[in-house]
1. If you only keep lysine pairs separated by 8 or more in sequence, or across chains, how many in the chain come under 28 Å at the Cα atoms?
2. Could you please put Phe223, Phe154, Phe239 in sequence from largest to smallest accessible area, using a 1.4 Å probe?
3. For the chain, what does the relative contact order come out to in percent, with C-alpha contacts under 8 Å and a separation of six or more?
4. Choose one of Phe226, Val130, Gly199: the residue whose Cα lies farthest towards the positive end of the charge dipole of the chain (beta-carbon charges +1 Lys, Arg; -1 Asp, Glu; about the Cα centre).
5. Please list, in chain and number order, the residues 5+ apart from Ile91 or on another chain whose amide H is under 5 Å from its amide H, with Hs placed from the backbone.
6. Given a 10 angstrom Cα cut-off, can you work out which residue in His26, His171, His128 is the most mobile in a GNM of the chain?
7. Would you mind checking which residues have amide H under 5 Å from Asn146's amide H? H placed 1.01 Å from N; only 5 or more apart, or other chain.
Amino acid sequence: MSGNSTGKPLYGSTGGQHPLARFINHLETYAPHVVEDFVGSISDIRLAVDLGAGSGRDLGIVRRLHPNATLMAVEGGAEYANGLAGKADEIRISNIERDRLPVGDGEADLIIANQVLEHTKEVFWIFHEVSRSLKVGGHFLFGVPNICSFHNRFLLLIGRQPTQHKLCSAHVRPFSKRDTVAFLNACFPGGYELVKFRGAQFYPPPPGNLVRLLANAFPTLAFSIFFLIKKTKPYQGEFASYPGRAQLETNFWTGDEMNWQYKSQR
């Protein structure tokens, strides 16, 4: 992959360039074992929606554990969508930062976003649509890079940028356990219950099979963190209205109606 006249990748355009990268099993970052644990703990799934389904690996886990479920993949472009043929019952191309999810109010039993949310700015709109689409008792399973991981704490201590959140990169949203829970409670008080939380992947890479042992023992220090939250009450648009209610001094997309209400109050 060449990004300039030298034939070398542009800064930030590719990962895995560090000399230690060859010792890392990058599949651990997506943690299919954690996804399997979370999905297996849900008793009944009739409609599962994967935002940014990628290769369809997580939908395959849902299919294996819940063979009667209807699987929907939502992708941002045709490149990945075309590769999901046969891995989902429905494949939709949609911009999750602007569009409504192709799901009716309260229809989904499970929504998944694995290593997706860190690429987005419009987190209020995404959680609005997830919360609108989930039934009461439905689950949202999401995995994100952990800005409070062990190696990031060390890097900040010596004045270096966290690896997952460099300015010249595809990641625009940092996540930690404490801040994510605070976000949920602030925007939609009492609306979600944290059912499960786990860590996956560990930097620097320990020898042998210690990666999962360390991530399980110290999840808030792991490279990736995974949340399984359950919707516990009806949703009334709280995420979409939060930027206006909190008077956040940034333009967030929260839908035409919410944007109009916010502007009319200023």
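1. Close lysine pairs found across the chain: 26.
2. From most accessible down to least: Phe154, Phe223, Phe239.
3. Working: 478 pairs, mean separation 48.2, N = 266.
With pairs under 8 Å counted, the relative contact order is 18 percent.
4. In the chain, that residue is Gly199.
5. Ala73
6. His26
7. Ser224, Ile225
The values are calculated or read from the model by the stated rules, or taken from the named source; none is laboratory data. Owing to the predicted nature of the structure, the values given are computational and were not obtained by experimental measurement. Here the Cβ is made from the backbone with ideal geometry for all residues, glycine too, and neighbour counts use every protein chain on show. We work out accessible area using only protein heavy atoms, side chains counted, and drop any ligands, DNA or RNA first. Shrake-Rupley method; radii C 1.70, N 1.55, O 1.52, S 1.80 Å.
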